[in-house]
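Novice: My structure is below; once you've seen it, I'll send some questions.
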Amino acid sequence: MSILEDKSLQDPPAIPAIFHGGPLIQTNAAITEPAWVRWLLIAIALGFLSLFLLLPLAAVFTEALRDGFGTYLTALKEPDAYSALKLTLLAAAIAVPLNLVFGVAAAWCISKFEFRGKQLLISLIDLPFSVSPVVAGLVYVLIFGAQGWAGSWFAEHDIKVIFAVPGIALATIFVTFPFIARELIPLMQEQGTDDEQAALTLGATGFKTFWRVTLPNIKWGLLYGVLLCNARAFGEFGAVSVVSGHIRGQTNTLPLHIEILYNEYAFAAAFAVASLLAGLALITLLLKSLLEWRYADQLAASRRH
Amino acid sequence: MADFSPPDSAVTHLPFRRRRAIPGFGLTLGITLSYLSLIVLIPLAGVFVKASGLGFEGLLHTLGSPRVLASLKLTFGSALVAALFNAFFGLLIAWVFVRYCFPGKRIFDAFIDLPFALPTAVAGIALTSLYGPNGWIGSLLSPLGIQVAYSPLGVIVAMTFISLPFVVRTVEPVLAEAERELEEAAATLGAGRWVTIRRVIFPTVLPALLTGAALAFARAVGEYGSIIFIAGNIPMVSEITPLLIIIKLEEFDYAGATAIAAAMLTLSFVLLLAVNILQAWTRRSARR
């Protein structure tokens, strides 16, 4: 053990509070910058964030209410908007639970067991993040489309996948595939297997151990993953656009409805629907931040900021 | 790979796993591999099977056409600019949020993830209205002769927006865990602040910075929703590659769409590999 690693020889441990809301270490001038540099950097950072993040968000709500509140409500009450909302909810209601079961299963086998090819498996689970959403939609058209491999079989049995709800659900599942798994894997790896082994030694069954020991340990991480998964499921555009066929009132999700309205120059209506999704994004961010602040110790280490 | 879901009893005898008291390995690995294969691996493999059916000539015919080449140049060039832009500002933002304290920090910190939470179509129309000729920013820029919306510049703006959080979020934890003692040591040994930052802190965060930039680049290359509104989609000028796939599909040119998709997928794999290597490097340098 080198001197640097021997904790007893060091000063009090590094102050973790340097991250959020903690005191700025101003006492040691040698390892911080002059005040004017600090404030200049803060100004640049906040200026950049305001320009690129806050301004677009403000634009959504301003444009939505430009023609008054009445127009705003009319756009939301329109039957096409309503059926788009229903389809969006349905797609998320299919995709999120399936990815939840997958995420828990993947995190269980990856975090509780050692096996060859584990790192490869983790990389493959992340794969949908680096695939373009348009390509994600295309792969299902190639399989289930009229000219696809399985297309004729499904056509014979009168099952519509592409330009119908199953295709939209599949595309949504693909793009939201890694969210829950990648949230749980690092968390469950950190937690190890001690708790589960104790429960099993005391005679609990495997399922009971999962339900009573593991699940309470990972619940906030799970919720965090579901939150992100859900936000993406609601907002997915590229992949769904390829498989949906854009049939108004039937295979239009909310993001696709926005596109149609926008291309018809119904800007106020487009932004009204957009403001709904922006509101959902804000709620997601709020809940996500609350989880990070309240239950930081029960989220994966990379989320503890 | 798809049928690799042996029953539990068989798994315990597999040589590649150490015996553990915890149950459920076969079941969970079975679910994981089946689901992964059905949803992701087999469909993606289908693209390559279909693309290989086109033959080298066929692929070259599609990918070598001027319109596709122009779109590839635009997509990759803009994604690179956006990634570099975000690498610089992302590092600065991560630094400010880790090291300094200022009012409103928590709220701003929460907003950094907005591009992940905001649907891309919403971002697309919002950016277009901002940078359009009559928009808040566009009306300021147009007297200067700068046109952002409906030009390649708009593509860069949209890509910067959607890939903004990657660098910040990968650099932040590394910066937070960097040992202050090293900085103190550097200061003790007579290094000025700038030298310390350049020679001590920067090498520590470099792997994370590159990982973040690679992730941002990958996301920007594949992005569709936010770009098509602001880009104007003028062929040969501001038409991105994912849009070309959709155009080919709408023309029922499945072969052409597949060829472009296979090229983009190949790139995704290369990037994924690069990110994995970079992450391994990050872990190694963190341990040192």
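The values are calculated or read from the model by the stated rules, or taken from the named source; none is laboratory data. Owing to the predicted nature of the structure, the values given are computational and were not obtained by experimental measurement. Every residue, glycine among them, receives a Cβ derived from its backbone with ideal geometry; neighbour counts consider all protein chains shown. Heavy atoms of the whole protein, side chains included, go into the accessibility calculation; ligands, DNA and RNA do not. Shrake-Rupley method; radii C 1.70, N 1.55, O 1.52, S 1.80 Å.
Novice: Using a ≥ b ≥ c from the Cα gyration tensor of the protein assembly as shown (square roots of the eigenvalues), is it rounded, prolate or oblate, where a/c under 1.5 gives rounded and otherwise the larger of a/b and b/c decides, a/b for prolate?
Specialist: oblate
Novice: Sticking with this one: Would you please classify the overall shape of chain B from the alpha carbon gyration tensor, given that a ≥ b ≥ c denote the square roots of the eigenvalues, rounded means a/c under 1.5, and beyond that prolate means a/b larger than b/c while oblate covers the rest?
Specialist: oblate
Novice: Turning to a different aspect of this structure: So for the pair B:I234, B:L144, with labels modelled 7 Å out along Cα→Cβ, what separation do we get in nm?
Specialist: 2.0
Novice: Got a sec to turn the phi values of region B:118-124 into Karplus ³J(HN,Hα) couplings, 6.51 cos²θ - 1.76 cosθ + 1.60 with θ = phi - 60°, whole Hz, x for Gly and Pro?
Specialist: 7, x, 5, 5, 5, 4, x
Novice: Note down the accessible area of A:W149, probe 1.4 Å, to the nearest 10 Å².
Specialist: Looks like 140 Å² after rounding.
Novice: Say we join alpha carbon atoms closer than 10 Å with springs in a Gaussian network model of chain A; which of A:L49, A:L215, A:L85 then has the biggest fluctuation?
Specialist: Comparing A:L49, A:L215, A:L85 in the GNM, the peak value goes to A:L49.
Novice: Rounded, prolate or oblate, given the Cα gyration tensor of region A:64-130, with a/c below 1.5 counting as rounded?
Specialist: Because a/c hits 1.5 or more and a/b exceeds b/c, region A:64-130 counts as prolate.
Novice: Cut-off 10 angstrom, C-alpha nodes, Gaussian network model of chain A. Which of A:L256, A:L282, A:L46 fluctuates the most?
Specialist: Highest fluctuation of the listed residues: A:L46.
Novice: Also: Buried accessible area between A and B (1.4 Å probe, both chains summed, ligands and nucleic acids excluded), in Å² to the nearest 100?
Specialist: 9500
Novice: Can I ask one more? For chain A, what is the mean residue ellipticity at 222 nm derived from helices alone (per DSSP H run of n ≥ 4: -39500 (n - 2.57); sum divided by total residues; nearest 500 deg cm²/dmol)?
Specialist: Calculated at 222 nm, the ellipticity per residue is -21500 deg cm²/dmol.
Novice: May I ask you to derive the relative contact order of chain B, considering only C-alpha pairs under 8 Å and at least 6 residues apart, and to give it as an integer percent?
Specialist: Rounded, it is 25 percent for chain B.
Novice: Let me ask something additional. Give the carbon-plus-sulfur fraction of the accessible surface of region B:46-170 in %, rounded to a whole number; probe 1.4 Å, heavy atoms of protein chains only.
Specialist: Its accessible area is 74 percent carbon and sulfur atoms.
Novice: Could you state how much accessible area B:V49 has, in square angstrom rounded to the nearest 10, with a 1.4 Å probe and all protein chains kept in place?
Specialist: 90
Novice: Would you mind checking the tilt of helix A:55-64 against the longest principal axis of the Cα atoms of chain A, expressed as 0 to 90 degrees and rounded to 10?
Specialist: It is inclined by approximately 30 degrees.
Novice: With a probe of 1.4 Å, find how much accessible area the protein assembly as shown has per residue, and write the answer as a whole number in Å².
Specialist: With the other protein chains kept in place, the protein assembly as shown gives 44 Å² per residue.
Novice: Step through the residues of region A:193-206 one at a time and calculate ³J(HN,Hα) from phi using the Karplus curve (6.51 cos²θ - 1.76 cosθ + 1.60, θ = phi - 60°), rounding each to whole Hz and writing x for Gly and Pro.
Specialist: Listing the rounded values in order: 10, 4, 4, 5, 5, 4, 4, 5, 4, 7, x, 6, 6, x Hz.
Novice: Let me ask something else. Report ³J(HN,Hα) in whole Hz for each residue of region B:227-241, in order, from the Karplus equation J = 6.51 cos²θ - 1.76 cosθ + 1.60 where θ = phi - 60°; Gly and Pro get x.
Specialist: 7, 4, 6, 7, 6, x, 6, 7, x, 6, 10, 9, 10, 8, 4
Novice: Quick check on chain B: helices-only [θ] at 222 nm, where DSSP H runs of length 4 and up contribute -39,500 (n - 2.57) each and the sum goes over total residues. Nearest 500, please.
Specialist: -23000 deg cm²/dmol
Novice: Taking a cut-off of 20 Å between Cα atoms, list the lysines near A:K288, but don't count ones fewer than 8 places away on the same chain.
Specialist: Partners found: A:K219, B:K105.
Novice: Next question. Ranked by accessible surface with a 1.4 Å probe, highest first, in what order do A:H246, A:H157, B:H61, A:H257 come?
Specialist: B:H61, A:H157, A:H246, A:H257
Novice: Straight-line reach from A:K118: which aspartates and glutamates have a Cα under 19 Å away, not including same-chain ones fewer than 8 places off?
Specialist: Partners within reach: A:D126, A:E183, A:E190, B:D3, B:D8.
Novice: For chain B, modelled as a GNM with alpha-carbon contacts under 10 angstrom, which of B:G64, B:G55, B:G26 fluctuates the most?
Specialist: B:G26
Novice: Mind checking which lysines have their Cα closer than 16 Å to the Cα of B:K50? Skip sequence neighbours fewer than 8 apart in that chain.
Specialist: Here the lysines satisfying the reach criterion relative to B:K50 are B:K248.
Novice: Mind checking the full-extension length gain between A:A204 and A:W39? Use 0.36 nm per residue of separation minus the Cα-Cα distance, one decimal, nm.
Specialist: Contour length minus Cα-Cα distance gives 53.7 nm.
Novice: Quote the relative contact order of chain A in percent (integer), defining contacts as alpha-carbon pairs under 8 Å separated by 6+ residues.
Specialist: 27
Novice: How far apart, in nm, are the 7 Å Cα→Cβ label points at A:Q147 and A:D67?
Specialist: 4.0
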